[in-house]
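The values are calculated or read from the model by the stated rules, or taken from the named source; none is laboratory data. Everything quoted here is computed from the prediction, not taken from an experiment. Here the Cβ is made from the backbone with ideal geometry for all residues, glycine too, and neighbour counts use every protein chain on show. These accessible areas exclude ligands, DNA and RNA; they are computed on the full protein's heavy atoms, side chains included. Shrake-Rupley method; radii C 1.70, N 1.55, O 1.52, S 1.80 Å.
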Amino acid sequence: MTESTKYLLSEDRMPKAWYNLAADLPGPVPPPVHPGTGQPMGPEDLAPLFPMGVLEQEASTERWIDIPEPVRDVYRLWRPSPLVRARRLEAALDTPAKIFFKYEGVSPAGSHKPNSAVAQAFYNKQEGVKRLVTETGAGQWGSSLAFAGNLFGLTVEVYMVRISFNQKPYRRALMETYGATCIPSPSPNTAAGRAILETNPDSNGSLGIAISEAVELAASRDDTKYALGSVLNHVCLHQTVIGEEAMLQMEIADADPDIVIGCVGGGSNFAGLAFPYMREKMNGKAVRCIGVEPTSCPTLTKGPMAYDFGDTGKLTPLMKMHTLGSNFMPPGTHAGGLRYHGMAPMVSQAMEHGLMEARAYQQTECFAAAVQFAREEGIVPAPESSHAIKAVIDEALRCKAEGKAETILFNLSGHGHFDMQAYMDYFAGKMTDTPFDDAALQASLETLPKVAV
Ligand SMILES: *Cc1c(COP(=O)(O)O)cnc(C)c1O
């Protein structure tokens, strides 16, 4: 009998509920607070921006939240995603460790992000919303929301940072293929955009500016809402379908992870795989959960826990999280999805309660790991996912040195087919590792909002 490589779950075994870590954490997840008053903000305060269905989840402490049937229907286009045993990588590393990965690159948009985009589109549709506005950097979130919004008959407008809009025409074409409109930001469509364009007509834009534009539009019309692709509690919740599936598939593989690994930008794909395992950890299971970030944007490894703005424009409520300060501008690296100054409040709490550990790597060592992975397993990883792979290889080599046959499970959050320029730069020797600027971090942390909470 040959041993299996893929562990597939039939559609009828796809999880029927998302798992909410807030139900089991030893302490509450601190609520968002108003930047002016320091008062906690509840669902009513955020209702102009998000539908109630989503805001109830944001504040919920229920352990299990049913996945609505129309959402499961869309999930069935690619879910359950495969669990794969990386046998060739194991052999190449000559490690006694077993390596498994959950592959989220099989979604239509090529990453884990549609798991939340589909749910958010559903709740908006259910509450009569006609139009969704969002921002996107490199385009992963924009294309996921474009895909999801189209399926629920919603108009989707994506404000894409102008420099990415010009440099990444394929992601824009993907959004347009799904029927969305993709607008370079700053744009003349909003007061925020016009203010920037007046002083700097050639502005490259930034995620902060694009968020300001999207939020302004969502707040100004009753039929329009805003959607965010990571960080918030409801996004982490929606992603747990990954970990719940993985648990069933690991059972089929007759294996149990000693280590669970994911890359962390805003924290959602890591949360999706790791939160269900953290539940087991709180129930006594011995499992290490490791979040991996770039050394250029070391939110968990160098950022303190503090109340901070979610955006550079300082328009959002304050969230209690590990943060580098909303003024912190990480150098331009290829893993655009990991260049966020803050970390999901729920992931930050998991860190505080000792449920996880964090580490950081340079981008060139991550690309070396990604190329090794591609040459053994065939899949070309997204630059973001390469951070998880670097940690997996290091842990597998530690197992080899210690003669331990541990089981490692990681989230391969997406494929890199739209990121081939990054691979070209890597092969051309043009990719560099910028030393981290501790002085810039200190300066940024000095501008953290001072709120008494
Ligand atoms: C957006 C993205 C990430 C980072 O976001 P998280 O919320 O931390 O998951 C990681 N991998 C891929 C492929 C992405 O598109």
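Summary of values
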read-out	value
Surface accessible to a 1.4 Å probe, His334 within the full protein complex, Å²	60 Å²
Additional length obtainable on full extension of the chain from Thr447 to Tyr170, 0.36 nm per residue less Cα span	96.0 nm
Per-residue [θ]222 nm for the chain (sum of -39500 (n - 2.57) over DSSP H runs n ≥ 4, rounded to 500)	-12000 deg cm²/dmol
Which of Val215, Val235 is most accessible, then next, and so on - probe 1.4 Å	Val215, Val235
Computed lengthening from Trp78 to Thr181, 0.36 nm per intervening residue step minus Cα-Cα distance	34.6 nm
Cα-based reach from Lys98 at 17 Å (exclusive), listing aspartates and glutamates while leaving out same-chain residues under 8 positions away	Glu3, Glu90, Glu251, Asp254, Asp256, Asp258, Glu376, Glu377, Asp394, Glu395, Glu402, Glu406
Cα gyration tensor category, rounded, prolate or oblate, for the range 1-156 with a/c compared to 1.5	prolate
Accessible area expressed per residue, the range 219-296, with surrounding protein chains retained (probe 1.4 Å, Å²)	26 Å²
Prolate/oblate/rounded call for the range 283-389, Cα gyration tensor, a/c under 1.5 rounded	oblate
The chain - share of DSSP beta bridges that are antiparallel (%, nearest 5)	35 percent
Flagged links, alpha-carbon separation over 30 Å, of Lys281/Lys302; Lys6/Lys400; Lys102/Lys225; Lys168/Lys400	Lys102/Lys225; Lys168/Lys400
Among Val133, Leu145, Asn200 the positive-end extreme of the charge dipole of the range 91-228 (Cβ point charges)	Leu145
Per residue solvent-accessible surface (Å²) - the range 40-158, probe of 1.4 Å	34 Å²
Prolate/oblate/rounded label for the chain (Cα gyration tensor, a/c 1.5)	rounded
Mean separation of Cα contacts under 8 Å (6+ apart) over length of the chain, as relative contact order %	19 percent
Nearest-20 debye value, the range 258-397 charge dipole, Cβ charges on Lys, Arg, Asp, Glu	280 debye
Heavy-atom SASA rank of Asp223, Asp438, Asp311 (probe 1.4 Å, accessible area, largest first)	Asp438, Asp223, Asp311
Amide H partners (placed H, <5 Å) of Ser185, local residues excluded	Met160, Val161, Arg162
Extension gain (nm, one decimal) between His353 and Arg63, 0.36 nm per residue minus Cα-Cα	102.6 nm
Positive-end residue of Val71, Gly38, Phe101, charge dipole of the range 1-104 with Cβ unit charges	Phe101
Share of carbon and sulfur in the accessible heavy-atom surface of the chain [1.4 Å probe, %]	52 percent
